[in-house]
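What follows is a set of notes on a single structure, which appears directly below.
Throughout, read-outs are computed from the coordinates displayed, never taken from laboratory work. This is a predicted model, so every value here is computed, not measured. Methodologically, a virtual Cβ is constructed for each residue, glycine included, from the backbone with ideal geometry; neighbour enumeration extends over all protein chains shown.
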Amino acid sequence: MAPPTTPSEVAAELMRRHPGVEAHKIEGQTAELTVPAGMIRDVVKSVDELLPHALPESMFGVDLQDDRYQLIYYFWSHDIRVLVQLRVELEGEEPEIDSVCDIFPGLEWHERETHEMFGIGFRGHPDLRPLLLPDELVGKYPLRKSFQPDRRRLAESGLPQPRPRRQEANKE
């Protein structure tokens, strides 16, 4: 069997290898798939096998509210010009998923940042220490929708003060 060369072929092969993976949209050069959290390592290994010279473009988290999160991974093959997007849904106050940074080392910092900003754990990650946040924010997850910013120290940052938000629409 010839290796897949189109987004449709890549999606079909991933779904054949991993029952439970679902294709949602195949448009242009992109295949968008949903992956059960427990299958992420196996599916990412298959992406590495199927896409010649695959590169991880990005990985990030999204807070869907009510302790529901989504991780979105992007992998690109310059050789066959296919972009594979994997979406994984997680739930809970302390969601966890297996790390894939040993398969694609370029994702190590993406996982660290996602852990720091959303509180999503990556089992097997070699170093989840904070990358960006000051010590007083460690463990507070500023990209969660439930995060309440503390604006008391904004003046000492040197940044311009935010304009007050309007609570009502303009009335004439």
Theoretical gain in end-to-end length, Asp135 to Glu93 [0.36 nm per residue, Cα-Cα removed]: 13.0 nm
Label-point separation, Leu128 to Thr34 (7 Å along Cα→Cβ), nm: 2.5
Cα-only radius of gyration and Dmax that characterise the chain, units Å: 19.5, 69
Rough spin-label spacing in nm, given labels placed 7 Å along Cα→Cβ, for Ser8 and Lys145: 3.6
DSSP-defined beta bridges in the chain - what % are antiparallel, rounded to 5: 75
Proximal aspartates and glutamates relative to Lys140, as straight alpha-carbon distance under 18 Å, when same-chain residues fewer than 8 apart are discounted: Asp63, Asp66, Asp67, Glu91, Glu93, Glu94, Glu96, Glu111, Glu113, Glu116, Asp150
Whole-angstrom gap from region 7-59 to region 90-107, using each part's C-alpha centre: 16
